[in-house]
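Scroll down for the structure; my scribbles are underneath it.
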Amino acid sequence: MTEMVLLGDEAVAMGAVHAGISAAYAYPGTPSTEITEFLIRYAAKKGKPYVAWSANEKTAYEEAMGVSMVGKRALVSMKHVGLNVAADPFMNSAIVTINGGLVVASADDPGMHSSQNEQDSRYYAEFARIPCMEPADQQQAYLMTRAAFDYSERFKVPIMLRLVTRLAHSRAVVQLDQGRDENPLAKPGDPTSWTLLPANARKQWRNLLNRQKDFLAYSEETEFNTLNLVGEKGGIGVITSGIGRNYFLEIAGSTDCSYSHLHIGVYPVPVQKIRALAAHASVIYLFEDGYPYIERMLKGLLPQSIDIRGKESGHLPPDGELSPEVVRAALGFEALPSPEPIQFKLPTRPPQLCKGCPHSDTYEALKAALAGFSQTLTTSDIGCYTLGALPPYKAIESCVCMGASVSMAVGASAAGFHPVVAVVGDSTFLHSGVTGLMDAATRNANMTLIILDNQTVGMTGGQPTILPSSRLKQAVLGIGVDPEHCQVIETHRKNREENSRIIRKEIEYQGLSVIIAVRECLETAKKAKKN
Amino acid sequence: MKYDIVLAGVGGQGVLSLSAIIASSAMREGLEVKQSEVHGMAQRGGAVLAHLRLSDKRIHSDLIPKGTAQMILSMELLEALRYLDFLSPGARVVTAQNPFINIPDYPELDQLISVVKGLPGAIIVDAEKMAKEAGSVRATNMVMVGAASSFLPVKRETLLALIEETFARKGEKVVEINKKAFEAGRG
């Protein structure tokens, strides 16, 4: 037994290593990035497992499926919205007969610290009819990840590991066991279980439905789902899931009240345990980070005698993340006294582009190029450059999902709007913008695409892009963009006027134009210099 | 015993390395530790907040409940004021005197200093100056570890040992500068 101080994300990574994974794939996304960052550092020292950043979450997921198909274990990690991108392989991987253990870590971001929504991945697990495991702390993150691989092979399904920001990015001591060896290569004897032709798929789907009772039986018996009944019948019951447990125990530990407590770490929810709690309590509080997933299940549609208190009932806020304060208030305790508030207005300090960031030069040039038009539309995307929506730039007008800047510009130009400019980062372009550009090129859409080529995935800490900068122009031209209207500019303060002139010219051109604005991210350059 | 510290600053100021020194020292002394960090978008020049919890018993929550922290330790003057609702009565606010001005509506410095000075238990440290005198402005966060150290449930020797171990790979000179910065902050 050894000890390590690990982030929740890193505990998942160590759990996967000790479960004997052969490969790990991911696309960077807060709060999941540190799983793969850790594995890359680990593999650099130990020579394995194979770890790679993929073009997007879909390719990452499919690569992991390939590893599973030939009998080895694979981890695929992403942020919650990344699972939308990977939804196609995710949903269908539930139907095949998993061979080597396949675990998908999906890191939710309640409170939207670094995301555009707070969707709850547990619904995806239920949608796919697969089990989900949700660690409460760093130790469980390690243990559950290990268990998830065994579970995946035992029941031949992918397992979702649901994380949330506060666990992913919190550090604590984790006790580690001995690792397990990798699986040998072993291709399945019957390929029909991976060939989802309708006739096979119907069989596989029924097979998955037949296994639901096994998943439920596991949920009832696993030590990750714990029920503790106290006192007489008719008392107060609490159901926690994931890190909700920690806030509840923190608050309960500072009071004299006693609660019957069911903690749920493995889904499908343990029905017998919930019924046992409900038979013992007259009130049940629900503390789950994310959507009121268990709460809604318990409430159903019909009237019932038990009083269920959570987000739906208004005892907790319907949005945002859980916190000790929220749990405290829900349980009916007054807020603790804190010092007198000061009579002083604090200005906010939102995140902003670094001083001298190449994006700021591109935005200045773009704004100058757009001056004088009676109306303009600038769609944009997800990355550091999204901060260009804020003052002093106010240069972009949309940020919806990866790659949408390109396809939305295609739509807006087809609707007759002009000028339309799409601004996308190099990595986001390669992740999901490239398909939109195919639509644009095929139809010669009347729009200008600006690709901000800073040669890195900046916002998540400077991971390498899937194609190097030197191949970006070739990729764009290969899609069929007119070489006359594909310009590469060096985005820099000293070139601002010249760049603005080039952008203006391409905006005025009636048809598709692409401008690649090149200069390395300051942070990446600084890091490269250090090493 | 439990000691909860709210760490504040601006992205890039070394808040996490400051936290790591205290956390590792506490672990060395057998305490349980939890440290909640901020990654991603907020790091880009924005306000950053980390929670560091030390205890001789099991720590459940990764987040410090409001109204219970013993200290705010801030690398930046304005940021010292952002999380006061986390403090328990009688808690400390230990902050660097130096402003980090990257917003247009940053308050007047004199006014800001007087507000911080008005807080009960406030300690304002001229951290950048002390770090420069110790040999490098980059040791500012170790000045702040020093300034906080006499209130922490961790021995001075343990903190110094961790500073030594952390900076050892950067050479003896860097170790000396950071130890000097720590001692200057401790005063």
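The values are calculated or read from the model by the stated rules, or taken from the named source; none is laboratory data. Every value quoted in this text rests on a predicted model; they were computed, and no experiment measured them. Backbone-built Cβ (ideal geometry, glycine too); neighbour counts: all protein chains shown.
Per-residue answers, yes or no, for (1) in contact with a Gly (Cβ under 8 Å, 6 or more places away or on another chain); (2) closer than 24 Å to A:HIS113 by Cβ; (3) surrounded by fewer than 23 Cβ atoms within 10 Å (Cβ to Cβ); (4) not hydrophobic (A, V, I, L, M, F, W, C):
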site	(1), (2), (3), (4)
A:TYR385	yes, yes, no, yes
A:PRO391	no, yes, yes, yes
A:SER407	yes, no, yes, yes
A:HIS418	no, no, yes, yes
A:VAL421	no, no, no, no
A:HIS431	yes, yes, no, yes
TODO: Determine whether A:SER193 is assigned to a helix (DSSP H, G or I), surrounded by fewer than 20 Cβ atoms within 10 Å (Cβ to Cβ) and at pLDDT 95 or above.
DONE: yes
Open item on the list: With the requirement that a residue be without any contact (Cβ under 8 Å) to a residue 12 or more places away in the chain and either more than 7 Å from every other protein chain (Cβ to nearest Cβ) or surrounded by fewer than 22 Cβ atoms within 10 Å (Cβ to Cβ) (or both), what does the stretch A:343-354 give you?
Closed with: A:GLN343, A:PHE344, A:LYS345, A:LEU346, A:PRO347, A:THR348
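Being outside any loop (DSSP other than H, G, I, E, B) and within 29 Å of A:LEU185 (Cβ to Cβ) is the filter here; which residues of the stretch A:19-33 pass it?
Taking the stretch A:19-33 as the starting set, the residues that turn out to be outside any loop (DSSP other than H, G, I, E, B) are A:23-26, A:33.
Correct list: A:ALA23, A:ALA24, A:TYR25, A:ALA26.
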Open item on the list: What pairs come out if I take residues in the stretch B:102-118 that are within 11 Å of chain A (Cβ to nearest Cβ) and pair them with residues that are among the polar types (S, T, N, Q) and surrounded by 14 or more Cβ atoms within 10 Å (Cβ to Cβ) whose C-beta lies under 7 Å away, six or more apart or interchain?
Closed with: B:ASN102/A:GLN352; B:VAL116/B:THR95
Task: In the stretch B:20-42, residue farthest from B:VAL175 (Cα to Cα) [restricted to those that are in contact with a His (Cβ under 9 Å, 6 or more places away or on another chain) and surrounded by 21 or more Cβ atoms within 10 Å (Cβ to Cβ)] - done: B:MET41
Open item on the list: So in the stretch A:20-43, with the set limited to residues that are aromatic (Phe, Trp, Tyr) and closer than 17 Å to A:GLU63 by Cα, which one is nearest to the other protein chains (Cβ to nearest Cβ)?
Closed with: A:TYR27
TODO: Run A:GLN375 past the list (1) more than 9 Å from chain B (Cβ to nearest Cβ); (2) under 25 Å from A:VAL457 (Cβ atoms); (3) out of contact with any Ser or Thr (no Cβ under 8 Å at 6 or more places or on another chain); (4) assigned to a loop (DSSP other than H, G, I, E, B) and report the number of the one that doesn't hold.
DONE: (2)
Open item on the list: Taking the criterion of being more than 31 Å from the chain's Cα centre (by Cα), away from chain B (no Cβ under 14 Å), over 27 Å from A:GLU118 (Cβ atoms) and not acidic (Asp, Glu), would at least one residue in the stretch A:245-255 satisfy it?
Closed with: no
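The rows are residues; the columns are (1) under 18 Å from A:GLY29 (Cα atoms); (2) at pLDDT below 95; (3) surrounded by fewer than 24 Cβ atoms within 10 Å (Cβ to Cβ).
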position	(1), (2), (3)
A:VAL103	yes, no, no
A:MET133	no, no, no
A:ASP150	no, no, yes
A:LYS156	no, no, yes
A:MET160	yes, no, no
A:ALA168	yes, no, no
A:ARG180	no, no, yes
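Does the stretch A:396-405 contain at least one residue that is in contact with a Leu (Cβ under 6 Å, 6 or more places away or on another chain) and not aromatic (Phe, Trp, Tyr)?
Initial filter on the stretch A:396-405 (in contact with a Leu (Cβ under 6 Å, 6 or more places away or on another chain)): none.
No, the stretch A:396-405 contains no residue that is in contact with a Leu (Cβ under 6 Å, 6 or more places away or on another chain) and not aromatic (Phe, Trp, Tyr).
Hand me the list of helices (runs of 4 or more DSSP H) wholly inside the stretch A:394-496 holding 3 or more residues that are among the basic types (Lys, Arg). Steps first, answer last, please.
Numbers: elements: A:404-414, A:434-443, A:472-479.
It comes to none.
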TODO: Filter the strands (runs of 3 or more DSSP E) completely within the stretch B:1-101 down to those with at least 2 residues that are facing chain A (nearest Cβ under 9 Å) and touching an Asp or Glu at 6+ places or on another chain (Cβ under 8 Å).
DONE: B:32-36, B:47-55
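Mind telling me which of the residues A:ARG166, A:ARG162, A:ARG154, A:ARG146 ends up being in contact with a strand residue (DSSP E or B) (Cβ under 9 Å, 6 or more places away or on another chain) and away from chain B (no Cβ under 14 Å)?
On the way: A:ARG166 fails: away from chain B (no Cβ under 14 Å); A:ARG154 fails: in contact with a strand residue (DSSP E or B) (Cβ under 9 Å, 6 or more places away or on another chain); A:ARG146 fails: in contact with a strand residue (DSSP E or B) (Cβ under 9 Å, 6 or more places away or on another chain).
It is A:ARG162.
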Task: So A:SER114, is it of a type in the set (Ser, Thr, Tyr), under 14 Å from the mean Cα position of the chain (by Cα) and modelled with pLDDT under 95 - done: yes
TODO: Determine if the stretch A:24-45 includes at least one residue that is closer than 29 Å to A:ASP120 by Cβ, without any contact (Cβ under 8 Å) to a residue 60 or more places away in the chain and among the basic types (Lys, Arg).
DONE: no
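Give the residue, chosen from B:ALA8, B:ALA50, that is in contact (Cβ under 8 Å) with a residue 60 or more places away in the chain, in contact with a Ser or Thr (Cβ under 6 Å, 6 or more places away or on another chain) and among the aliphatic types (A, V, I, L, M).
Details: B:ALA50 fails: in contact (Cβ under 8 Å) with a residue 60 or more places away in the chain.
Result: B:ALA8 is the single residue among B:ALA8, B:ALA50 that is in contact (Cβ under 8 Å) with a residue 60 or more places away in the chain, in contact with a Ser or Thr (Cβ under 6 Å, 6 or more places away or on another chain) and among the aliphatic types (A, V, I, L, M).
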Task: Residue list for the stretch A:29-55, filter: of a type outside the set (Ser, Thr, Tyr), surrounded by fewer than 24 Cβ atoms within 10 Å (Cβ to Cβ) and within 17 Å of A:HIS80 (Cα to Cα) - done: A:TRP53, A:ALA55
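Test A:VAL230 against the stated conditions and say whether it is without any contact (Cβ under 8 Å) to a residue 40 or more places away in the chain and either over 27 Å from A:ALA23 (Cβ atoms) or of a type in the set (Phe, Trp, Tyr) (or both).
When the stated conditions are applied, A:VAL230 passes them.
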